[in-house]
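> If you scroll down you'll find the structure; I have some questions about it.
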Amino acid sequence: MISLEHKLNCQNGFAPAIRAKAPLRISFAGGGTDVPPYPEREGGCVLNATIDNYAWGSLRPRDDGRIRIESVDLGLSLDFSVESEFELDGRLDLVKATIMRLQARNSRGFDVFLHSDAPPGSGLGSSSALIVGLVGLVKEFKSLSLTEYEIANLAYVIERQDLKIRGGHQDQYASSCGGFNFIEFYGDRVVVNPLRIRQDTINELEHNLLLCYTGTTRRSDRIIEDQTRRFEEKQEETLGGLRDQKQLAVDMKDALLRRRLDDFGDLLHSAWQSKKKLSPRISNNSIDEMYEAARKHGALGGKITGAGGGGYMLLYCQFEKRHKVAEALKVLGAQPAEFAFENGGLQTWRTHESSVQYAAANY
């Protein structure tokens, strides 16, 4: 169904582009408890927050029955007919699967342009944010009525079921809803609890937290596969680590709400020690060396922000020591990155600039 606004714009000779941006996230604690089958059996929870890094997307309608997809990050572009059978062959499969799931080929065609502020494998949920942004674009293009929860669930289904990429639920809901959230996972539902964190607490967190790129990305599905196998085999260390992650998510939430930020830093250290119990693939010699250097130079605690194995490391420092921690990590090849927290989730809008001419007769 084509919206009335779109028809009127086309009658005037313009086809406005649709834009979207979906925020990436930092996970503080609870990661792994959102990965099936753990939520179905014991219930999971995570504490996370979105940041001012985004997955960006643009969709521009066309009237020639063609679909063109371009990814800046992968340096790849594909061109199809709307009548083509999409093959999931490893080339922009996230986009193809989204188009198929939402039946976006039932149109006169469109161009999609994508890029992200962080690479896949960064540990910031960039792949899930990309799908959330894509769902947002198609939602506007097809005038679909979808809530934040429905967008997040669609993104989860596309990534985890259609594409069979192993992982959890938290990234999709974080990106769609935005802000600081304590998210609970059960067998048949997800509950997003927005946290009312005082602005002075957020300012102090931004003042004291250090985000560093370790210099390598990783494939999270292999780590998650190993973690899941260990859970299924009821290995005590993995079971204990997952249960600790749940409790730490609760404790860290309480520390934030009570403005006990040094306690938050100490709990971040506990969360990392607990996370490493889930799988030996979560850390490696390089990450261990960086973390030990950070602690030696004044970091109270820290952790890898995603499944592990690489990506970004988040560290909590007393501000007077933050620069010393950053310098020590630079020596080891890490790259400090500036960031701020983002309170909003998925955003979509239309632009009338640089519009393409269309024949009103097509509508």
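The values are calculated or read from the model by the stated rules, or taken from the named source; none is laboratory data. Quick caveat: nothing in here was measured; it's all calculated off a predicted structure. Note: ideal-geometry Cβ built from the backbone for every residue, glycine included; neighbour counts use all protein chains shown. Heavy atoms of the whole protein, side chains included, go into the accessibility calculation; ligands, DNA and RNA do not. Shrake-Rupley method; radii C 1.70, N 1.55, O 1.52, S 1.80 Å.
> How high is the relative contact order of the chain, given as a whole-number percent (alpha carbon pairs under 8 Å, six or more residues apart)?
27 percent
> For Met100, Met313, give the ranking by accessible area with the largest first, probe 1.4 Å.
Result, largest first: Met100, Met313.
> Obtain the nm distance between the two label points defined at Lys321 and Glu206 by a simple spin-label model: each point lies 7 Å from its Cα along the Cα-to-C-beta direction.
2.4 nm
> So what is the accessible area of segment 27-148 per residue, in Å², with the probe set to 1.4 Å?
Result: 37 Å² of accessible area for each residue.
> Take Lys277, Lys164, Lys21 and sort them by solvent-accessible surface of the protein heavy atoms, 1.4 Å probe, largest at the top.
Result, largest first: Lys164, Lys277, Lys21.
> Order these peptides, 112-125, 281-294, by their mean beta-carbon neighbour count within 10 angstrom, highest first.
Final packing ranking: 112-125, 281-294.
> Among Leu94, Ala174, Leu144, pick out the residue whose Cα is farthest towards the positive end of the charge dipole of the chain, where Lys and Arg carry +1 and Asp and Glu carry -1 on C-beta, about the Cα centre.
Farthest towards the positive end: Ala174.
> Using only the Cα atoms of segment 168-314, build the gyration tensor, take square roots of its eigenvalues as a ≥ b ≥ c, and label the shape rounded, prolate or oblate: rounded if a/c is under 1.5, else prolate if a/b is larger than b/c, else oblate.
oblate
> Give, in nm to one decimal, the length gained when the segment between Leu88 and Arg196 is fully stretched (0.36 nm per residue of separation minus the Cα-Cα distance).
34.7 nm
> Rounded to the nearest 10 degrees, what's the angle between the helix 319-331 long axis and the longest principal axis of the chain, both from Cα atoms, 0 to 90?
On a 0 to 90 degree scale, this one is about 80.
> With a 1.4 Å probe and all protein chains kept in place, how do Ile202, Ile51 rank by accessible area, largest first?
Sorted by accessible area, descending: Ile202, Ile51.
> While we're here: Once label points are set 7 Å from the Cα along Cα→Cβ at both Lys296 and Trp349, what is their separation, rounded to one decimal in nm?
About 4.8 nm separates the two model spin labels.
> If you take every residue apart from Gly125 with its C-beta less than 9 Å away from the C-beta of Gly125, what net charge results, scoring Lys and Arg +1 and Asp and Glu -1?
Around Gly125, the charge tally is 0.
> What list of ³J(HN,Hα) values in whole Hz, one per residue of segment 188-194 in order, does the Karplus curve 6.51 cos²θ - 1.76 cosθ + 1.60 (θ = phi - 60°) give from phi, with Gly and Pro shown as x?
Those phi angles translate into 10, 7, 10, 10, 9, 9, x Hz.
> Using protein chains only and a probe of 1.4 angstrom, how many square angstrom of Cys177 are accessible, to the nearest 10?
20 Å²
> How much of the DSSP bridge set in the chain is antiparallel, in percent, rounded to the nearest 5?
Roughly 90 percent of the beta bridges in the chain run antiparallel, per DSSP.
> Using alpha carbon centroids, what distance separates segment 113-180 and segment 68-103, in Å?
With segment 113-180 and segment 68-103 each reduced to a Cα centre, they are spaced 16 Å.
> Rounded to the nearest 0.05, what FRET efficiency do Asn285 and Glu233 give with R0 = 22 Å and r taken as the Cβ-Cβ distance? Could you check?
That pair, Asn285 with Glu233, gives E of 0.25.
> Quote the charge dipole size of the chain about the Cα centre in Debye, to the nearest 20; the model charges only the Cβ of Lys and Arg (+1) and of Asp and Glu (-1).
120 debye
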